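So the structure is just underneath, and the comments pick up after that.
No lab work stands behind these numbers, since they all come straight from the coordinates. Since the structure is predicted, the reported quantities are computational estimates derived from the model, not experimental observations. Please note: Cβ atoms are built from the backbone with ideal geometry, for glycine as well, and neighbour counts cover all protein chains shown.
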Amino acid sequence: MKAAVIRFPGSNCDQDCVLALREFGVETDFVWHKDESLAGYDLIALPGGFSYGDYLRCGAIARFSPVMKAVREQAARGTLVIGICNGFQILCEAGLLPGALIRNRDLHFRCEHLHVRVEDVANPFLHEAQTGGLLRIPIAHGEGSYTADAATLAELNQTGRVLLRYADAAGAAIDAANPNGSAENIAGICNAARNVFGLMPHPERACDPRLGSTDGRVIFESILSTLGVRKAA
């Protein structure tokens with residue numbers, strides 16, 4: 001298995017992603033945003049940070065980077081793509097995921113551990129988890145409020161493409177557990193083909209007990225399991 005972590009000007013969680021993947025034994029490369037090919041990679045990760053300083057809108061400039069054409073091409077071929085925080089914003093701006101991420105409702109940057117509830121496991125990113133299970137994973141964002149029109153939200157729900165929701169410690173997806181005003185407490189979604197996953201929480205920062213949680217490991221374990229099965233096939 002081989003993974004690519006895309007580096008944009010302003011990325012600051014790229015090293016976190018590389019470290020997490022390498023600790024799982026994954027051969028992982030940094031790929032600069034001006035590169036035009038992602039051939040040979042089994043996983044593409046768009047990390048968190050502030051690509052292009054978040055000018056215009058978060059991810060609005062990064063979507064035009066040369067590497068994004070390659071991301072689109074590989075996603076269309078079925079390659080797994082995960083966008084974390086700013087990576088989620090970029091995927092939405094690039095049209096690889098529906099909806100948009102806007103300013104947190106309190107207009108404050110939120111940096112804290114919280115719970116997300118696993119909504120669906122019939123996908124390559126969470127099949128090692130349990131539906132309804134809770135993951136304690138940190139967030140760090142100022143523009144994490146997911147929004148979409150009513151038709152898009154209905155389709156996401158009907159097709160099982162809402163993968164994570166913010167929830168309290170008892171598993172209730174209530175408004176008090178919503179850190180940013182995200183529609184329907186949505187914390188992560190996937191595309192129709194289920195190979196592109198965007199989420200605001202940072203699983204790469206929840207893989208070591210010294211960081212306060214290891215709940216993010218299930219996402220990477222699911223990816224590795226998926227790709228191991230594919231390779232074997």
Residue by residue through the stretch 177-187, the couplings from Karplus 6.51 cos²θ - 1.76 cosθ + 1.60 with θ = phi - 60°, in Hz, x for Gly and Pro, are 8, 8, x, 9, x, 4, 4, 6, 6, 5, 10
Cleavage-rule hits (chymotrypsin sites (Phe, Trp or Tyr not before Pro)) in the stretch 29-64: DSSP loop, at most 12 neighbouring Cβ within 10 angstrom: TYR55
Please list, in order along the stretch 35-44, the HN-Hα scalar couplings obtained from phi with the Karplus expression 6.51 cos²θ - 1.76 cosθ + 1.60 (θ = phi - 60°), rounded to whole Hz, x for Gly and Pro. 5, 10, 9, 10, 4, x, 9, 8, 9, 10
Subtract the Cα-Cα distance of THR131 and GLU27 from 0.36 nm times their separation in residues, and report this length gain in nm to one decimal. 34.5 nm
Using modelled amide H (1.01 Å from N, peptide plane; none on Pro or chain starts), what sits under 5 Å from the amide H of THR28, excluding residues fewer than 5 places away? ALA3
Provide the per-residue ³J(HN,Hα) series for the stretch 28-33, in order, calculated from phi with Karplus coefficients 6.51, -1.76, 1.60 and θ = phi - 60°, each as a whole number of Hz, with x at glycine and proline positions. 10, 10, 6, 10, 6, 5
Sorted from largest down, what three extents in whole angstroms do the Cα atoms of the stretch 28-139 have along their principal axes? 38, 35, 25
Please state the shape class of the stretch 9-74: rounded when a/c is under 1.5, otherwise prolate if a/b exceeds b/c and oblate if not, all from the C-alpha gyration tensor. oblate
Most packed first (mean Cβ within 10 Å per residue), the peptides 128-135, 77-84 order as 77-84, 128-135
Which helices count as membrane-span-like in the chain under these terms: full DSSP H, at least 15 Å along the axis by C-alpha, Kyte-Doolittle mean of 0.0 or more? 217-232
Whole-percent tail of the Cα-Cα distance distribution for the chain, cut at 31 Å, equals 12 percent
Once amide H atoms are placed 1.01 Å from N in the peptide plane, what residues at a sequence separation of 5 or more from LEU114, or on another chain, have their amide H within under 5 Å of its amide H? ILE137, ILE139
Residue farthest toward the positive end of the dipole of the chain, with Cβ of Lys/Arg at +1 and Asp/Glu at -1: which of THR159, ASN104, PRO201? THR159
Looking only at LEU96, LEU211, LEU46, which one moves most when the chain is put into a Gaussian network model with springs between Cα atoms under 10 Å? LEU211
Contact order normalised by residue count of the stretch 2-232, Cα under 8 Å, 6+ apart, percent: 19 percent
Helix-only estimate, please: 222 nm mean residue ellipticity of the chain, summing -39500 (n - 2.57) across DSSP H runs of length 4 or more and dividing by its residues, to the nearest 500. -7000 deg cm²/dmol
